[in-house]
Amino acid sequence: MPKICIKSRMELPIFFINLDRDTERRELLEQQFKALRLQGRRIDAVWWANLSEEEQGRWYSPLLNEQQYYKPLVNGEKGCYASHIKAWQQLLESDAPAMVVLEDDVQLLTAFPEATQAIAQLEQAWDMIKLIGRPKEKIQADRQLTPTHRLIQYQRVPSSTAGYVISRAGAQKLLSSRVPFGRPVDVDIRFWFENDLQVFGVYPSVLSLDELSEVSSIWAQRERTSVAQRIRKLWMKVQLFTGTLMARAPKLPEH
């Protein structure tokens, strides 16, 4: 794996995914950036129905979906994944060694700037570092990242993609192995062992979800699952559990 060396005191670029119509979310997040003296840049989120059939076919595979997931993805899940792909592509088109990617329904906690600055000083190879996870995380290994937060190796990678830092190596791995995609983006990240994605986390989280996260802006309420779909979902969970158990855990990055 290529070594990602981020120079000391370099500030990572921050991008947030936001639909044109979601002005309230955008304004609230921009207020938070201003309060913390940060600069966040917007990525126009993908509205799936606006894509041509050719574009949709390039990004999403119904065949992969049938093989990997327990039910077809709804348009919002597809658009969400495509929006994250845009972020990864933007990183590789830049000269930045890594970038922070946020969804627009997050709240930046006071520890967010210090944590991302500490991540920017990590020298050992890593692909993704999640900034939000479970309130009580099952931790395989950890070390100090800042005086108040730890860098952790997960026992089980959490599903949220609301906020993370991704390296160039991570973006390259995801773009080469997950396009086209068949699962939701957060589920694909949990299957890190399929493409050797080196995923770590910051604990406790330096982000939280705001009240707007309870109302999705990209998909309607999901349909109920059938008996066959519940059986497929159980099998997917078995594959996730055994894959995580059998895979060689990544080594924690050092300063």
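Where a number appears in this text, it was derived from the coordinates with a stated rule and is not lab data. Fair warning: this is a prediction, and the values are worked out from it, not measured in the lab. Neighbour counts run over all protein chains shown; Cβ positions are idealised from the backbone, glycine included.
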(message) Taking amide H atoms as placed 1.01 Å from N in the peptide plane, list the residues 5 or more away in sequence, or in a different chain, whose amide H sits under 5 Å from that of residue 103.
(response) 17, 163
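Only counting other Cβ atoms within 10 Å, I'd like 100, 202, 179 sorted with the fewest neighbours first.
Going from least to most buried by this count: 179, 100, 202.
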(request) Could you grab the Rg to Rh ratio for region 12-121? Cα atoms only, Kirkwood for Rh. (result) 1.03
(message) If I model a spin label at residue 210 and residue 64 as a point 7 Å from the Cα along the Cα→Cβ vector, what separation in nanometres do I get?
(response) 3.2 nm
(request) Could you work out the Kirkwood radius for region 14-246, taking every pair of different alpha carbons, averaging 1/r and inverting it, reported in Å? (result) 18.4 Å
(request) Name the longest site-free stretch of the chain, where the excluded sites are GluC sites (Glu not before Pro) in a DSSP loop with no more than 11 other beta-carbon atoms within 10 Å. (result) 1-222
(request) Treat region 65-122 as a sphere of radius equal to its Kirkwood radius over Cα pairs and apply Stokes-Einstein at 10 °C in a medium of 1.306 mPa s; give the translational diffusion coefficient in µm²/s, rounded to a whole number. (result) 112 µm²/s
(message) To the nearest 20 Debye, how big is the dipole of region 1-125 about its Cα centre, given +1 on the beta carbon of each Lys and Arg and -1 on that of each Asp and Glu?
(response) 380 debye
(request) Choose one answer from 234, 122, 28: the residue with the largest mean-square fluctuation in a GNM of the chain with alpha-carbon springs under 10 Å. (result) 234
(request) May I ask you to give the average projected area over all directions of the convex hull of the Cα atoms of region 84-192, in nm² rounded to one decimal? (result) 7.2 nm²
